[in-house]
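Reviewing the structure listed below.
The numbers here are math on the coordinates, done by the rules we state, and not lab data. As the structure is a computational prediction, the values presented were derived from the model and not from experiment. Note that each Cβ is placed from the backbone with ideal geometry, even for glycine, and that neighbours are counted across all protein chains shown.
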Amino acid sequence: MKRFAMLMIVVLFAAPVALADWIIDESFEGGAIPAGWTVVGGGDSDDWFAYNNAAYAYTGEWVAAVAAYSSSGAGNDWLITPQVALSVGDVFGFYARSWYGTEDFEVWLSTTGNSPGDFGVMLGSATVGDSHVGYEYDLSAYAGQSCYLAIVWFYNDYALVVDDVRVGQEASPVEDASWAAIKALYK
């Protein structure tokens, strides 16, 4: 009985610590840019939107997209996550592609607010072609802080498509020191 009680205590306290999970895991399958996200247009009428097109989705049928029919005033369109509290090991990841041709984008971080002027840390920039590419940015340097993350599109040919946006870390198995302690009880 004593071993069983000890086992239950270890499981109850160790399991939540041993597993991490995605803070944001968004594939836009709800058919809209989710509540809590911020879209800031670049001065034209073309802003980020959810679009149903399985041929352009990395998974599922929906994506976040931004497009312009002409280069006049196009680009500088911001897709901003809700505020997230970060831990060591957290990442910001997503899949992106152009509709056709190539598109340029940047990835930014803000610890102060969700307006474009608040973003002072550029995590990276890329030019992407017309097939999906996965991007991942380590956020460990911001552990213990709350922040916003943004994908900013700069017009090249027509449209940028983003899917499977994730912030956090994938849950890992409990096979760690806690699991070893549980196994030791039954040897």
The summed charge of the SER70 Cβ neighbourhood (under 13 Å; Lys/Arg +1, Asp/Glu -1) stands at -3
Length-normalised contact order of the range 78-179, Cα under 8 Å, at least 6 apart, in percent, tallies to 46 percent
